[in-house]
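First up is the structure itself, then whatever we jot down about it.
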Amino acid sequence: MRSRRIDPLRTISLAFVFVSLIFMATIIWALVDGSLPTLKEYGISFFAGDKWRPSRGIFGALPAIYGTLTTSAIAIAIAVPISLGIAIFLAHLSPPKIGAILSLFVELIAAIPSIIIGFWGMFVLIPLLVSFCPFLEKGGYTILTAGIVLAIMIIPIIAAISRDSIKAVPKSQKEGMLALGATDWEAITRSVLPYARSGIFGGVILGFGRAIGETMAITLVIGNTPGIVPLNEPGATMASLIAGNWGEAVSTPLYKSALMELGLALFLITLFVNVVARLLIRRMEKGAARG
Amino acid sequence: MNLRTRRAKDKVMKSLTLVAFLVAIVPLFYVIGTVISKGLVALNWQALGELPPLGFRNAIIGTFIILAVTWLIALPVGIMSGVYIAEYRGIFARAMSFLADVMSGVPSIIAGIVSYVVVVATTRAFGLAGSVALSILMLPVVIRSTEEALKSVPNSLREASTALGAPKWRTTAIALNTAKGSIATGVLLSSARVMGETAPLIMTAGYSQWEFMGMDCRVNSLAYVVYEFLRYPDKERIALGWSAALILIIIILAINIGVRILTRRKYEY
């Protein structure tokens, strides 16, 4: 016999779920509402324009999109091999007793506020890079510098998720290879890594999503002058353009709206990237629970 | 490949993974070292006890006020949503859980824009807008922490409660009580993250050199003082900015390390 008692908790908690949904829906509504002036004025040509000259009312998003993609690509190119090395080291090679502390060191990097990393980049890393790298003759505030700073910030994310996926691989997978006479390294690269690939891939994409949206650290080291330029010159990303110019844009409706439309585009891109990453990571976690 | 080259390759590649680890943690110690050495220069009672430009007392207070209001918004909504997702499983609950995961990747600058449009543009309540922006960032983490914590409570506990005739809400209250430490951990870690956020505050709470005057005014914060002071072409101001950075990083690292030592919990991304 089914109980006919009503469940007040279900009703109340469901109400709060709808409040959460409203929070999330508000994000999209607010971004669209804020972008309406430029959406009406420029339409789709906003995303085709290759010039960003706010003083003359010319708003083209391409330079910022170019900056976002190049900085993120540089960051991924640097971070992926290093993160994979760290993940293999932490999951299979480091002494188990201090493994937790070593993992903590890597994860603490992700805890440092973006603004502090940015000023460290400005005061310490840029002078260092300029004195070592001959191709930074035009100064250290470049797309390349921003990519390096980004790499530092996303390594902990990619490394931690890759480590978890590698740890989730059944032990028999490696032991089988070792029993056949393979070395440690051969067993890891040929039987453990392929098994963990979807989780690792998810971690890389999640790191890419973070790189796209990272704001303060980039704003401080990229020079924040939007342009489609070589990597050793100053540029700007979508996020850095919004943060760096908000103060001067806030009194000009069209300028402000252009920054918000950049935000809308940034949001849609990160949404897509995060959906893909989370699907891959959830599949890895399910596999770990089963295996 | 003969055995010797294979073994040599094994050794070389394994050492390279150690090198990768060392390369990655150099910035951690380099950044912390920089903040300590530059931050100690101007760190004294005047820095902690005076208003800008002599110190940043209002920023320390402001950081915690903004965080407290963020808790008031994000904790009830997040915990109750997490309760629904964990206790009433189904396709809708699963979809919400996934949505929360995706939303935890929303760039912080987006939260600033949203809060500007919704709060600042309509009411000009700058301080409140700062808390709303941070609660957009915190909410998904609270939802997922509560969900995971409740799911790790053994079902036998719920069965025992139900067998004794307790209604569903009381059973859930018992499960929540068991899970509270784990939820608190998630809340603390995400508080540490949002305390360091600067981008959303540019559009909202902003900078103030005055005493805290209410959530409808500008509210100063440590993160914003770092951003404001370190861009000044003035040595004393810059030194003070680094001191604010030192205080901020001490709070954030203390929370992270403390939580890790007490609970062995992983960092959530």
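Counted as qualifying within region A:45-134 are the helices (runs of 4 or more DSSP H) with 3 or more residues that are more than 13 Å from chain B (Cβ to nearest Cβ), namely A:62-88, A:126-132. Of the residues in region B:48-63, none is farther than 21 Å from B:Cys217 by Cβ and surrounded by 17 or more Cβ atoms within 10 Å (Cβ to Cβ). Among the residues of region A:168-218, those that are among the acidic types (Asp, Glu), in contact with a helix residue (DSSP H, G or I) (Cβ under 7 Å, 6 or more places away or on another chain) and part of a helix (DSSP H, G or I) comprise A:Asp184, A:Glu186. The single residue among B:Ile143, B:Ile183, B:Ile174 that is open to solvent by 50 Å² or more (accessible area, probe 1.4 Å) and touching a Ser or Thr at 6+ places or on another chain (Cβ under 6 Å) turns out to be B:Ile174. Output yes when any residue across region B:228-246 is outside any loop (DSSP other than H, G, I, E, B), among the aromatic types (Phe, Trp, Tyr), within 12 Å of chain A (Cβ to nearest Cβ) and surrounded by 19 or more Cβ atoms within 10 Å (Cβ to Cβ), and no when none is. Within region B:228-246 (the criterion being outside any loop (DSSP other than H, G, I, E, B), among the aromatic types (Phe, Trp, Tyr), within 12 Å of chain A (Cβ to nearest Cβ) and surrounded by 19 or more Cβ atoms within 10 Å (Cβ to Cβ)), the answer is yes, since at least one residue qualifies.
Does region A:90-102 contain at least one residue that is under 29 Å from A:Val229 (Cα atoms) and more than 16 Å from the chain's Cα centre (by Cα)? No: region A:90-102 contains no residue that is under 29 Å from A:Val229 (Cα atoms) and more than 16 Å from the chain's Cα centre (by Cα).
The residue that is nearest to A:Ile269 (Cα to Cα), among those in region B:81-92 that are more than 8 Å from chain A (Cβ to nearest Cβ) and touching a helix residue (DSSP H, G or I) at 6+ places or on another chain (Cβ under 7 Å), is B:Gly82. For region B:169-193, give me each residue that is within 10 Å of chain A (Cβ to nearest Cβ) and in contact (Cβ under 8 Å) with a residue 12 or more places away in the chain. Selection gives B:Thr171, B:Thr172, B:Leu189, B:Ala192, B:Arg193.
Among the residues making up region A:1-44, those that are assigned to a loop (DSSP other than H, G, I, E, B) and open to solvent by 60 Å² or more (accessible area, probe 1.4 Å) are A:Met1, A:Arg2, A:Ser3, A:Arg4, A:Arg5, A:Ile6.
Conditions (1) open to solvent by 10 Å² or more (accessible area, probe 1.4 Å); (2) among the small types (Gly, Ala, Ser); (3) within 30 Å of B:Val118 (Cα to Cα), marked per residue:
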{"site": "A:Val229", "(1), (2), (3)": "yes, no, no"}
{"site": "A:Ile242", "(1), (2), (3)": "no, no, yes"}
{"site": "A:Glu248", "(1), (2), (3)": "yes, no, yes"}
{"site": "A:Ser251", "(1), (2), (3)": "yes, yes, yes"}
{"site": "A:Gly263", "(1), (2), (3)": "no, yes, yes"}
{"site": "A:Leu266", "(1), (2), (3)": "no, no, yes"}
{"site": "A:Ile269", "(1), (2), (3)": "yes, no, yes"}
{"site": "A:Leu279", "(1), (2), (3)": "yes, no, no"}
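Whether any residue in region A:6-26 is touching a residue at least 40 places away in the same chain (Cβ under 8 Å) and either within 9 Å of chain B (Cβ to nearest Cβ) or farther than 16 Å from B:Gly82 by Cβ (or both) is what I want to check. No, there is no match, as no residue in region A:6-26 is touching a residue at least 40 places away in the same chain (Cβ under 8 Å) and either within 9 Å of chain B (Cβ to nearest Cβ) or farther than 16 Å from B:Gly82 by Cβ (or both). Take the conditions (1) β-branched (Val, Ile, Thr); (2) in a helix (DSSP H, G or I); (3) open to solvent by less than 10 Å² (accessible area, probe 1.4 Å); B:Val219 misses just one of them, which is (2).
When A:Val130 is tested against (1) open to solvent by less than 30 Å² (accessible area, probe 1.4 Å); (2) in contact with a Gly (Cβ under 8 Å, 6 or more places away or on another chain), exactly one condition is not met: (1).
For region A:55-69, the set of residues classified as open to solvent by less than 40 Å² (accessible area, probe 1.4 Å) and at pLDDT below 90 consists of A:Gly57 only. Every condition in (1) out of contact with any helix residue (DSSP H, G or I) (no Cβ under 7 Å at 6 or more places or on another chain); (2) on the phi < 0 side of the Ramachandran plot holds for B:Arg124 except the one numbered (2).
On the basis of being touching a residue at least 24 places away in the same chain (Cβ under 8 Å) and open to solvent by 20 Å² or more (accessible area, probe 1.4 Å), does B:Ile109 make the cut? Here the answer is no, as B:Ile109 does not meet what is asked. I'd like the residue in region B:69-106 that is more than 19 Å from B:Leu189 (Cβ to Cβ) and of a type in the set (Phe, Trp, Tyr) and, out of all such residues, is surrounded by the most Cβ atoms within 10 Å (Cβ to Cβ). Going through the qualifying residues, I end up with B:Tyr84.
Would you confirm whether any residue within region B:204-213 is open to solvent by less than 30 Å² (accessible area, probe 1.4 Å), in contact with a Ser or Thr (Cβ under 8 Å, 6 or more places away or on another chain), under 27 Å from B:Pro140 (Cα atoms) and more than 10 Å from chain A (Cβ to nearest Cβ)? Taking every residue of region B:204-213 in turn, at least one turns out to be open to solvent by less than 30 Å² (accessible area, probe 1.4 Å), in contact with a Ser or Thr (Cβ under 8 Å, 6 or more places away or on another chain), under 27 Å from B:Pro140 (Cα atoms) and more than 10 Å from chain A (Cβ to nearest Cβ). Which one is nearest to the chain's Cα centre (by Cα), of the residues in region A:146-179 that are of a type in the set (Ser, Thr, Tyr) and either facing chain B (nearest Cβ under 10 Å) or buried (at least 24 other Cβ atoms within 10 Å of the Cβ) (or both)? In this case the residue turns out to be A:Ser162.
The values are calculated or read from the model by the stated rules, or taken from the named source; none is laboratory data. Treat the numbers as computed from the prediction; the structure is a model and nothing was measured. As a convention, Cβ positions derive from the backbone with ideal geometry for all residues, glycine included, and neighbour counts pool all protein chains shown. Ligands, DNA and RNA are stripped out before the accessible areas are found, and what is left, the full protein with its side chains, is counted by its heavy atoms. Shrake-Rupley method; radii C 1.70, N 1.55, O 1.52, S 1.80 Å.
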